[in-house]
Structure formats: C-alpha cells, structure tokens
C-alpha cells in the first residue's frame, strides 16, 4: 500500500487565507459595478464564492488521493487530449470581448486555456520522470516534451491570449529547470522567442499601445495611459494603511474591471502598503512552502508536479 501523503499545514492555511481575502476584495471592488450592471451588488461575489467552493471541494478530494495515482498514461493523455479539444472548440463559439477564449454557461464562464497549465504540468512530470538519465537529449527528451507545449501555445495565442501563453511558457520553463535541463537550452529558447514576441507585441496595435502606455502612461494621459494612471493614483492614495475597506474611489468607474485586472490597485488603495505587503507576503510563503514541498518529495514525479503547481500559482500572481 502506498504511503499516505502528509498535508503541509502552512500551505493549506495560506491558501485558505488567500481565498478569503480574494472574496473580500472581489466584493469590495465589484459591488458598485455589479449594482450598476445587474441590479445587485453581490453578483460577482456570488460567482467568485461558487468557484471558491468548487475549488475547495476539489482540493479536499485531491488531498484524499495519493498524487502518484495521477502518474498513469490514461490520466495524463486523456487530460492532454481533452484540453486540446477544448482549446480548438472555442474557435467555433461566439466571440466574447473580440476573442475566442471562453465557454459560457448562463452566468458562469470558463477559459479552457486555464486547464492547459495543469495539463502541461502533469504531462511534463510524467514524461520527464522517465528521462532523468537522458534529460539533455534533444530528439528523445526535449522535442517530445515541448511538442504539446508548442501546440497549446499556438492555440492560445490565436485566441488571442498572449498573457496566458507567456504564463504557460514560464511554467514549462520552471519544470524544465527543476528537471535539470542545461542552461544553454533556455538561452536557445529565449533567442528563438525574440522574433515571434516582437511580432506579436509590436505588430498588433492594442498590444503595442499597452506596452507603450505601461512604459510612459503620461504620454497619453486621457487615452491609452488613462487606466494605468488611475491604478497608480489608487496605489499612492492608499499610503501606509489605506482608505479602509469599501472606501476606495478609483473603482468607481475609473478603473476597468476593478475586480479582476486591477484588483491589486483596489487592494492597495483600501488596505494601503500594509495590506498589499500582507498579500505579497502570503504569496511569498506559498512559494516557500511549495518549493520546500518539491525539495522534500522523495520521488521525481512528485518533485516535478509540486514545482509546476507552485510556479503556476506564483507566476500568475506576479503577472497580474
């Protein structure tokens, strides 16, 4: 019988605290907009709470299962196949916000590109475990390991969703680094990505405008730099301890989607530097315990899996 897998109490507690803080800040950031759009200030809170409950149930179920059971070809390749099918299917659905990213069921929406992240992590953990003695062989290891990654990245970029594609690439790079791939291959990868990234960013008008606005928002303060300036105002207004929960002003139609893209700016305005530092600190603890779990895992599959999941959460938080 497989040895029972222990639970990291620090990691478990930090996850619960982050989920709770997320619910509080989603409500604070979205109440006014939800009231304006849907007639109820609780709309976005209810959606977030539903996903939080679903996530907690999934987490509890996953904690009861020995992770080594996921190391089965049927599980790995079924998830890869299902993810590929979903990433292709979105192109046959109606566009949402001028993109093909979402499945919609009534009030709920779902991005299949989010499933691509754990699917790639599981595949890499499974595949690379059997290649520990031939990790730097291009034909037998790197090429088949990167093939699903390239397919997923192309499909995600075509949606288009460059941010998620970059996040997936970063996660894969972290797993490969932990696996012991020689650094020269990372250099090759960076060199190979320069031209595609240049084209995808500077030859697509809205992405180019975002980069230019980020670099110098005051060049067009009433246009493309407006939202970044408003987020900077929110952060600076919060000062040390913030204006207080629900007391922020920039969420009142100055910031677009304050409960998603700019929720950290709302957090900084209402909870100040102290509250923002707490959030960053919680993610730092998550990173510490995740890395520690990976290092203390006895089997290679578990180490790759833990490092991939940790990088997925932390990279996404850093990007946002």
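Quick notes on this structure:
The rows are residues; the columns are (1) touching a strand residue (DSSP E or B) at 6+ places or on another chain (Cβ under 6 Å); (2) surrounded by fewer than 20 Cβ atoms within 10 Å (Cβ to Cβ); (3) in a helix (DSSP H, G or I); (4) modelled with pLDDT of 95 or more.
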site	(1), (2), (3), (4)
123	no, no, yes, yes
136	no, yes, no, no
140	no, yes, yes, no
148	no, no, yes, no
165	no, no, yes, no
178	no, no, yes, no
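- Evaluation of residue 64 against the conditions (1) in contact with a helix residue (DSSP H, G or I) (Cβ under 7 Å, 6 or more places away or on another chain); (2) modelled with pLDDT under 90; (3) closer than 23 Å to residue 310 by Cα shows that the sole unmet condition is (1).
- Of the residues making up segment 150-159, those that are surrounded by fewer than 21 Cβ atoms within 10 Å (Cβ to Cβ) and touching a helix residue (DSSP H, G or I) at 6+ places or on another chain (Cβ under 8 Å) are 151, 157, 158, 159.
- Filter pass, residue 281 being loosely packed, with under 13 Cβ neighbours inside 10 Å, free of Cβ contacts under 8 Å to residues at least 12 places away in the same chain and farther than 30 Å from residue 306 by Cβ: no
- Among the residues of segment 100-117, those that are part of a helix (DSSP H, G or I) and either crowded, with 19+ Cβ neighbours inside 10 Å or modelled with pLDDT of 95 or more (or both) comprise 113, 116, 117.
- Any hit, segment 231-249, residues being surrounded by fewer than 21 Cβ atoms within 10 Å (Cβ to Cβ), more than 25 Å from residue 197 (Cβ to Cβ), out of contact with any strand residue (DSSP E or B) (no Cβ under 7 Å at 6 or more places or on another chain) and free of Cβ contacts under 8 Å to residues at least 12 places away in the same chain: yes
- Given (1) within 22 Å of the chain's Cα centre (by Cα); (2) within 16 Å of residue 276 (Cα to Cα); (3) surrounded by fewer than 16 Cβ atoms within 10 Å (Cβ to Cβ), index of the condition residue 193 fails: (2)
- Test result for residue 57, surrounded by 13 or more Cβ atoms within 10 Å (Cβ to Cβ) and modelled with pLDDT of 90 or more: no
The values are calculated or read from the model by the stated rules, or taken from the named source; none is laboratory data. From a predicted model like this one, the values you see are computed outputs, not experimental measurements. Every residue, glycine among them, receives a Cβ derived from its backbone with ideal geometry; neighbour counts consider all protein chains shown.
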